[in-house]
Structure formats: C-alpha cells, structure tokens
1. Relative to the present Cα-Cα distance, how much length would full extension add between PHE21 and VAL72 at 0.36 nm per residue of separation?
2. Counting alpha carbon pairs within less than 8 Å and at least 6 residues apart, what relative contact order, in whole percent, applies to the chain?
3. If I take all pairs of Cα atoms in region 68-120, what percentage of them are more than 19 Å from each other?
4. Please give the peptides 9-20, 116-127 ranked by average Cβ packing (other Cβ atoms within 10 Å per residue), highest first, as a rough proxy for protection.
5. Give me the number: length gained by fully extending THR105 to LYS8, i.e. 0.36 nm times residue separation minus the C-alpha to C-alpha distance, one decimal in nm.
6. When the Kirkwood hydrodynamic radius is evaluated over all pairs of different C-alpha atoms of region 22-126, what value in angstrom, to one decimal, is obtained?
7. Express in whole angstrom the spacing between the alpha-carbon centres of region 87-123 and region 6-70.
8. Taking the C-alpha atoms of region 1-77, how large are the radius of gyration and the largest Cα-Cα span, Dmax, in Å?
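Since every read-out is calculated from the coordinates, none of them should be taken as a lab result. This one's a predicted model, so the numbers in the text were calculated from it and none came from an experiment. Positions of Cβ are backbone-derived with ideal geometry, glycine not excepted, and every protein chain shown enters the neighbour counts.
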Amino acid sequence: MDPYEKVKNTLTEIQSITPPFIPADAEVMTVRVEYPPGDPGVPPHRHPGGPCFGYILEGEMVFEVQGEPPRVVKAGEAFWEPGGDAIHYQDANNRTDSPLRFVVTMLMAPGQPMLVFLDDDELQQSGWVRRSPA
C-alpha cells in the first residue's frame with residue numbers, strides 16, 4: 001500500500017485551528033487532567049504564555065472561554081483556547097456519575113507560568129456568572 005494512502009486512511013482530523021499567536025521560542029507542555037464526578041474544575045484563569053489545545057478522553061466537560069457561551073465537550077471531541085488575556089472561566093465535569101479525563105497541550109512563552117488565576121476583583125469586573133450550557 002502506498003504510504004500516503006495509508007496515512008490518508010488512518011487519520012481523522014479532530015480540529016484545525018489557526019491560533020492568534022504562537023510565542024517566539026515556545027515551549028510545549030502536554031498534561032493529563034482528571035476530575036471526579038461533579039467536580040467544578042479549576043477557578044477562572046488565563047494561560048498568559050500562549051494557546052492551549054485539548055482532547056476529551058473520557059466524560060464530558062463544561063467548557064467556557066471569555067466571549068463564548070458555555071458548551072459541553074464530550075469524549076472524542078477537541079477544544080482550544082487562545083491564551084494570552086482571554087479568560088478560561090470553566091472546565092467543569094458535566095457529569096455527576098462519571099469522571100472526566102482530558103489532555104491539554106499548551107504552547108508557552110519561556111518563563112511564563114502555565115496558568116494564572118484571576119483575583120476576586122478581576123473576576124467581579126469581568127461580570128462573569130457561572131452558567132450551565134444551553
């Protein structure tokens with residue numbers, strides 16, 4: 001079999017994104033995240049060093065990034081966030097009867113933290129209120 005034909009027949013594109021920026025000399029980190037049933041995820045935060053790309057391995061995530069309504073991302077689906085100043089409001093487990101497991105690959109500017117939590121004043125100024133997906 002032609003190797004190009006094999007590649008064509010074995011790959012499934014899950015998402016194709018043009019990120020708003022990729023930091024010069026970016027470092028790449030891939031992490032696995034696991035939340036128990038009903039877990040609200042981490043508090044609202046930013047990824048100042050660059051964009052993040054994720055894939056749900058198991059379960060369902062309530063995913064909400066600034067400027068977009070919350071949505072449910074299910075096992076086998078991908079998500080991304082632009083990083084920088086964009087606020088990542090939710091990454092909660094949408095299910096109370098099963099765990100959530102996902103992987104995230106982050107492109108980060110050298111010396112930047114993986115994530116930075118919002119303080120109470122900044123969160124209040126953003127006007128965000130936790131909502132369920134439509």
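1. Gain on stretching PHE21 to VAL72: 15.8 nm.
2. 35 percent
3. 40 percent
4. Top to bottom by mean Cβ count within 10 Å: 116-127, 9-20.
5. Extra length available between THR105 and LYS8 comes to 32.5 nm.
6. Evaluated on region 22-126, it is 14.0 Å.
7. Rounded to whole Å, the Cα centres lie 9 Å apart.
8. 16.1, 50
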